[in-house]
Amino acid sequence: METLKTQQKSLESFFGIGQHTSARLLGRFHIHPTAKVGDLANKQVLDLTAALSGMKIENDLRRQVLDDIKRLRDTGTYRGRRHAVGLPVRGQNTRSQIKTAVKLNRVDRRL
């Protein structure tokens, strides 16, 4: 796997922006992936900032994820109960993989 580029890696430091979104933003504003932040033109920085401000990232996204989990817990769904107990939510097996099960079951119960 090739190493991440400078600009792409710095965009991925935001919560909610991964490799794909970062590459699309750089391509959209014609920014070379190896360019440093100090080398960018003012217009590129302003355009990139405007695009990031229009996206749901960092605290807004974290709050939305926590609200979604809280909603699942409040409605009493299977996924909500698994979140509350601290067990795997997406169907991972905990019976035959004892190391993972012991690690996950040791977590304090959050009800």
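Overview of results
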read-out: From phi via Karplus (6.51, -1.76, 1.60), per-residue ³J(HN,Hα) for segment 84-91 in Hz, x at Gly/Pro; value: 5, 7, x, 9, x, 9, 9, x
read-out: In nm, spacing of pseudo-spin labels at LEU61 and ALA23 (7 Å Cα→C-beta vector); value: 1.7 nm
read-out: Calculated diffusion of segment 14-57, Stokes-Einstein form, Kirkwood radius summed over Cα pairs, 20 °C and 1.002 mPa s, µm²/s; value: 196 µm²/s
read-out: Three principal axis lengths of segment 44-99 [C-alpha, angstrom, descending]; value: 52, 28, 13
read-out: Length-normalised contact order of segment 6-54 in % [C-alpha pairs under 8 Å, at least 6 apart]; value: 37 percent
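Since every read-out is calculated from the coordinates, none of them should be taken as a lab result. In this text the structure is predicted, and so the values were computed from the model without any measurement. Reconstructed Cβ throughout: ideal geometry from the backbone, glycine too, with neighbour counts over all protein chains shown.
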